[in-house]
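The values are calculated or read from the model by the stated rules, or taken from the named source; none is laboratory data. Values in this document were obtained by computation on a predicted structure and should not be read as measured data. Quick reminder, even Gly has a Cβ in these numbers, built from the backbone with ideal geometry, and neighbours come from all protein chains shown. Side chains included, ligands, DNA and RNA excluded: accessible areas come from the protein's heavy atoms. Shrake-Rupley method; radii C 1.70, N 1.55, O 1.52, S 1.80 Å.
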Amino acid sequence: MAEGHILIVEDEEKIAAVLKGYLEKSGYRATLLDTGDAVVPFLREKHADLILLDVMLPGMDGMDVCREVRKFSQVPIVMVTARVEEIDRLIGLEIGADDYICKPFSPREVVARVRAVLRRLRPLEPEGKLISTHGITLNGETREVTVQGSPLKVTPSEFRLLKVLMSHPGRVFTRTELVNLVQGYEFEGYDRTIDSHIKNLRKKLASALPGAELIDSVYGEGYRFSPQKG
Ligand code: CA
């Protein structure tokens with residue numbers, strides 16, 4: 001049985017073919033598209049479990065594709081980029097991607113990442129538990145966040161991060177722990193992802209709860225959820 005249907009959006013034929021081959025060998029079904037413009041029409045018709053989305057595409061680029069897809073779908077999106085300086089924007093609030101991979105990559109790494117993203121997004125904790133503190137409520141079932149009753153838009157990664165932190169108020173989590181808990185894989189150099197997610201999350205929380213600094217950086221250690229000191 002197929003592990004899932006992966007949509008590969010990549011205009012470089014060779015790379016696309018290698019990715020497709022590796023994913024299929026690993027039990028996934030893979031479909032190739034070579035332009036960004038084809039993605040939205042494809043998703044309107046067919047189901048994909050995850051999109052591997054190249055940033056540099058002819059026509060509509062990967063960032064615009066991601067934004068367009070997010071208007072109607074929460075399908076996991078892993079951006080593929082050759083430009084490290086784009087990473088912050090990729091995982092930033094306005095794009096809505098779940099993860100990224102830098103070119104050049106090894107196909108094995110890509111398969112590992114696809115598996116990790118699917119694993120962390122798919123079954124997740126089935127319990128519909130509410131976590132509520134300091135006016136912030138997380139609904140594990142609907143994956144919605146409200147702040148003092150008003151909805152707060154967060155990305156899937158931000159949701160998981162906030163959930164981990166809020167489940168253990170006061171506990172310091174190292175970046176590596178957070179990467180493992182939130183991203184579901186161990187990978188060197190991905191601490192930066194966590195920093196970006198934290199930065200975005202703080203920005204969102206601060207706009208909903210002005211003056212409240214709920215996520216502390218603990219120098220040399222990591223982060224903790226700290227509902228109002230004093
Ligand atoms: Ca490209």
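General remarks:
- Entry comment: accessible area of the chain is 49 Å² per residue, from protein heavy atoms only and a probe of 1.4 Å.
- Listed by chain and number, the lysines whose C-alpha is less than 17 Å from the C-alpha of Lys153, apart from same-chain residues fewer than 8 away, are Lys71, Lys163, Lys199, Lys203, Lys204.
- Added length on full extension, which subtracts the Cα-Cα distance from 0.36 nm per residue, Val75 to Ser167: 30.6 nm
- Expressed per residue, the C-alpha convex hull volume of the chain stands at 127 Å³.
- Structural descriptor for the chain: relative contact order 13 percent, calculated from alpha carbon pairs under 8 angstrom and at least 6 residues apart.
- Linear extension gain, Ser207 paired with Ala112, 0.36 nm per residue minus alpha-carbon span: 30.6 nm
- Here the simple spin-label model places points 7 Å from the Cα toward Cβ, and for Asp11 and Asp195 these points are separated by 3.2 nm.
- Using a simple spin-label model with pseudo-atoms 7 Å out from Cα toward Cβ, Thr133 and Asp37 lie 5.1 nm apart.
- Each peptide in 194-206, 148-160 receives the mean, over its residues, of other Cβ atoms within 10 Å, and ordering these scores from highest gives 194-206, 148-160.
- Shape of the stretch 5-119, Cα gyration tensor, a/c cut at 1.5: rounded
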